[in-house]
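Trainee: Have a look at the structure that comes next, please.
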Amino acid sequence: MSKILIVEDEMPIVDLISMGLKANGYKVDYALDGEVGANLIEKNHYDLILLDIMLPKFDGYELLEYAKGEQIPVIFITAKGELKDRVKGLNMGADDYIVKPFEMEELIARVNSLLRRFKGTISLPNIKINTKTHEVQKEGIKVSLTPKEYDLLIYLTSNAGNILTREQILASVWDKEMEDTRTVDLHLARLRKKLGLESVIKTLPKVGYLFEV
């Protein structure tokens with residue numbers, strides 16, 4: 001059973017997240033400030049940390065560095081939802097970023113996806129992804145992907161069922177803001193062709209993309 005640490009200074013949010021995680025079979029600890037969070041990380045093993053940015057004592061950015069030193073995956077859960085904030089968090093090493101308010105169903109889906117990724121294997125219909133070796137197989141045959149194609153595939157699987165704008169994809173996969181979003185369309189077209197995902201990666205006109213498994 002995976003053990004998750006919530007570091008969040010608002011107790012109602014802690015209670016809400018804890019209830020959802022426990023209902024899905026996870027063990028949960030929590031801390032209401034960064035100092036207690038750091039102490040818990042030092043004393044215990046956690047499979048994942050859900051981390052607010054604006055915290056008393058140590059902020060989320062400081063605690064993120066501590067968690068990454070322990071090789072623990074981190075999802076930021078924060079009210080800081082501007083693109084520059086998401087880019088900063090992802091550039092610093094956060095594995096995912098969720099903006100408040102959020103739906104519990106989405107949070108659980110992202111937690112499940114991230115933990116699968118860190119366990120080493122992601123399985124899709126006819127496709128297997130080894131996240132340790134970055135090897136991708138389709139029907140048992142290895143498929144060669146460029147580094148960005150692989151990063152894009154991981155991002156899509158981590159956000160399955162969520163509508164993603166081109167700007168969101170650029171910020172998360174390319175770690176920067178770009179005015180020309182055609183590079184997203186190009187890489188998605190290549191993924192569709194290489195892995196036979198034409199019916200899985202759906203284009204939503206004037207909106208973005210949906211990875212539907």
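No value in this document is a laboratory result; all are computed from the given coordinates. Keep in mind the model is a prediction, meaning the values are calculated, not measured. Backbone-built Cβ (ideal geometry, glycine too); neighbour counts: all protein chains shown.
Trainee: Run the dipole for the stretch 120-213 about the Cα centre, Lys and Arg Cβ at +1, Asp and Glu Cβ at -1, nothing else charged, and hand back the magnitude in debye, nearest 20.
Mentor: I would put it at about 320 debye.
Trainee: Could you pull out which residues in the stretch 13-36 have an amide N less than 15 Å from a spot 7 Å beyond the Cα of LYS57, following the Cα-Cβ vector?
Mentor: Only 30-36 pass the distance filter.
Trainee: Considering only SER2, LEU107, LEU153, whose Cα is most displaced toward the positive end of the charge dipole of the chain, charges sitting on Cβ of Lys, Arg (+1) and Asp, Glu (-1)?
Mentor: Checked the options; the winner is LEU153.
Trainee: Still on this structure, please answer the following. For a 27 Å ceiling on Cα separation, which of these pairs sit above it: LYS80/LYS132; LYS68/LYS132; LYS68/LYS148; LYS119/LYS206?
Mentor: Beyond 27 Å: LYS80/LYS132; LYS119/LYS206.
Trainee: For a footprinting-style exposure proxy, rank LYS202, LYS88 by other Cβ within 10 Å, fewest first.
Mentor: Ranked by crowding around the Cβ, least crowded first: LYS202, LYS88.
Trainee: Considering the stretch 79-213, what Rg and Dmax in Å follow from its alpha-carbon atoms?
Mentor: Both quantities, over Cα of the stretch 79-213: 14.5, 43 Å.
Trainee: How big, in percent, is the set of alpha carbon pairs in the stretch 43-132 lying more than 24 Å apart?
Mentor: That tail contains 23 percent of the Cα-Cα pairs.
Trainee: While we're here: Let me have the 222 nm mean residue ellipticity of the chain computed from DSSP H runs of 4+ only, each contributing -39500 (n - 2.57), with the sum over all residues rounded to the nearest 500.
Mentor: -12500 deg cm²/dmol
Trainee: Shifting gears a bit: What's the exposure ranking of VAL111, VAL200, going from fewest to most Cβ atoms within 10 Å?
Mentor: Lowest count first: VAL200, VAL111.
Trainee: Hey, another quick one. Top mean-square fluctuation among SER123, SER113, SER18, Gaussian network model of the chain, C-alpha springs under 10 Å?
Mentor: Result for the chain, Cα springs under 10 Å: SER123 fluctuates most.
Trainee: What are the ³J(HN,Hα) couplings of the stretch 48-58, residue after residue, when phi is run through the Karplus curve with 6.51, -1.76, 1.60 and θ = phi - 60°? Round to Hz, x for glycine and proline.
Mentor: 6, 10, 9, 10, 6, 8, 8, 10, x, 6, 9
Trainee: Continuing with this model, one more query. Quick check on the stretch 13-54: what does the Kirkwood estimate of hydrodynamic radius come out to from the alpha carbon pairs, in Å?
Mentor: 11.1
Trainee: Return the sequence-ordered ³J(HN,Hα) values of the stretch 100-107 in whole Hz as given by the Karplus equation 6.51 cos²θ - 1.76 cosθ + 1.60 applied to θ = phi - 60°, using x for Gly and Pro.
Mentor: Residue by residue, the stretch 100-107 yields 6, x, 9, 8, 4, 4, 5, 4 Hz.
Trainee: Taking H as built 1.01 Å from N, whose amide H comes closer than 5 Å to the amide H of TYR30, not counting residues under 5 places away?
Mentor: Here the answer is ILE6, since their amide H atoms fall under 5 Å of that of TYR30.
Trainee: Give me HIS45, HIS187 sorted ascending by neighbouring Cβ count inside 10 Å, so fewest comes first.
Mentor: Neighbour counts put them in this order, fewest first: HIS45, HIS187.
Trainee: Can you compute the charge dipole magnitude of the chain about its Cα centre, using +1 on each Lys and Arg Cβ and -1 on each Asp and Glu Cβ, nothing else charged? Give it in debye, rounded to the nearest 20.
Mentor: That gives the chain a dipole magnitude of about 1140 debye.
Trainee: Further question on the same structure: If I model a spin label as a point 7 Å beyond the Cα along the Cα-Cβ vector, how far apart are those points for LEU204 and ASN24 in nm?
Mentor: 1.9
Trainee: Counting alpha carbon pairs within less than 8 Å and at least 6 residues apart, what relative contact order, in whole percent, applies to the chain?
Mentor: 13
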